[in-house]
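Notes for the one structure printed next.
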Amino acid sequence: MSDTILIVDDEEEIADLIEVYLKNEDYTVLKCGTAKEALAQIDAIEIDLAILDVMLPDSSGFVLCQKIREHHRYPVIMLTAKEEETDKITGLTLGADDYMTKPFRPLELIARVKAQLRRYKRYNLPLPGEDPAVLSHAGLVLNQKTHTCELGDRPISLTPTEFAILQILLERKGEVIGSEEIFHAIWKDQYYSKSNNTIPVHIRHLREKLNDSTEHPKYIKTIWGVGYKIEK
C-alpha cells in the first residue's frame with residue numbers, strides 16, 4: 001500500500017506539479033486549497049506526510065501545522081515564497097520537519113519527502129496502548145527490537161544492563177524512579193541493600209557513553225535521595 005501525501009496549496013499549478021512528481025513515485029496524493037479542506041481530510045483519512053504552503057486564503061500553514069501536531073506525528077514539510085529566516089524558525093518551532101522556499105526544484109522536494117518518510121518509519125513512536133519498539137529523547141534512540149542505541153547518527157554500545165536501565169527511564173519519561181525499583185525491574189530480585197551502588201555505577205557509565213553530566217544533564221537527571229529520571 002502506497003504512502004498518502006497531503007498537499008495544501010492554493011496555487012493550483014504548484015499543487016498539480018507536485019502531484020505529478022509524487023504520483024510518478026507511486027504515492028497516493030490528496031490536494032486541498034484551503035486550511036478548512038485540509039482539516040476535513042486530516043480527520044477523515046490516514047495521512048503519512050503533509051506538504052503545507054505557508055500562505056493560505058483562509059489561514060496559514062503555521063496554524064495548520066499546529067492543528068496537525070495536536071493529534072498526529074507524521075512529517076510536515078512547509079513551502080513558502082518568503083526567504084526570511086524567521087519564517088523557517090517559526091515553522092520548525094511549531095512542529096514542521098523540513099522547509100523549502102519557492103521556487104523549488106520538484107526533484108529536491110521528492111528527495112526530502114522520501115527522507116522524511118524513511119526517518120518517520122524508522123523512529124516513529126507508537127500510539128498509547130501499542131507495544132513501543134522505539135523509544136527516543138533529544139536525539140537519543142533506543143530500538144527494542146534490534147536492541148540497538150543511537151545518539152544522533154552515532155551508534156552507542158550498551159551492556160544489557162545499561163540498555164535495560166535506559167529503557168526503563170525512557171518508557172517512564174517524566175517520572176522519578178528509585179534505584180531499588182530499577183534494581184527489582186531488571187533482576188526481579190527481592191534482595192536490595194541501601195548500600196548497594198550497582199545502579200549508580202551503571203548510571204555513571206551511561207552518562208559517560210552519552211556525554212552527559214551530573215551538573216547539567218541532558219538525558220539522565222539525578223533527584224538526590226529519590227532516584228533518576230529523564231525529563232519529558
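The values are calculated or read from the model by the stated rules, or taken from the named source; none is laboratory data. Bear in mind that the values here come from a model prediction, so they are computed numbers and not experimental data. Heads up, the Cβs are rebuilt from the backbone with ideal geometry, glycines too, and the neighbour counts pull from every protein chain shown. Surface accessibility is based on the protein's heavy atoms, side chains included, excluding ligands, DNA and RNA. Shrake-Rupley method; radii C 1.70, N 1.55, O 1.52, S 1.80 Å.
Things worth noting here:
- Here region 179-203 is the region considered, the condition is being of a type in the set (Val, Ile, Thr) and touching a helix residue (DSSP H, G or I) at 6+ places or on another chain (Cβ under 6 Å), and the residue that is modelled with the lowest pLDDT is ILE186.
- Enumeration of residues in region 153-180 that are touching a strand residue (DSSP E or B) at 6+ places or on another chain (Cβ under 9 Å) and crowded, with 16+ Cβ neighbours inside 10 Å: ILE156, LEU158, GLU162, PHE163, ILE165, LEU166, GLN167, ILE168, LEU169, LEU170, ILE177, SER179
- When ARG207, ARG172, ARG154 are checked against the criterion of being modelled with pLDDT of 90 or more and in contact with a Pro (Cβ under 9 Å, 6 or more places away or on another chain), a single residue qualifies: ARG207.
- All positions within region 204-231 that are open to solvent by 50 Å² or more (accessible area, probe 1.4 Å), touching a residue at least 12 places away in the same chain (Cβ under 8 Å) and either assigned to a helix (DSSP H, G or I) or in contact with a helix residue (DSSP H, G or I) (Cβ under 9 Å, 6 or more places away or on another chain) (or both): HIS205, LYS209
- One residue alone among ILE14, ILE47 is in a loop (DSSP other than H, G, I, E, B) and either surrounded by 16 or more Cβ atoms within 10 Å (Cβ to Cβ) or of a type in the set (Lys, Arg) (or both), and that residue is ILE47.
Residue-wise test of (1) among the hydroxyl-bearing types (Ser, Thr, Tyr); (2) more than 13 Å from ILE7 (Cα to Cα); (3) surrounded by 15 or more Cβ atoms within 10 Å (Cβ to Cβ); (4) modelled with pLDDT under 95.
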site	(1), (2), (3), (4)
CYS32	no, no, yes, no
GLN41	no, no, yes, yes
ASP53	no, no, yes, yes
PHE62	no, yes, yes, yes
ILE68	no, yes, yes, yes
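Yes/no matrix, rows are residues, columns are (1) more than 17 Å from VAL113 (Cβ to Cβ); (2) in a helix (DSSP H, G or I):
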residue	(1), (2)
ILE5	no, no
ASP43	yes, yes
LEU52	no, no
PRO57	yes, no
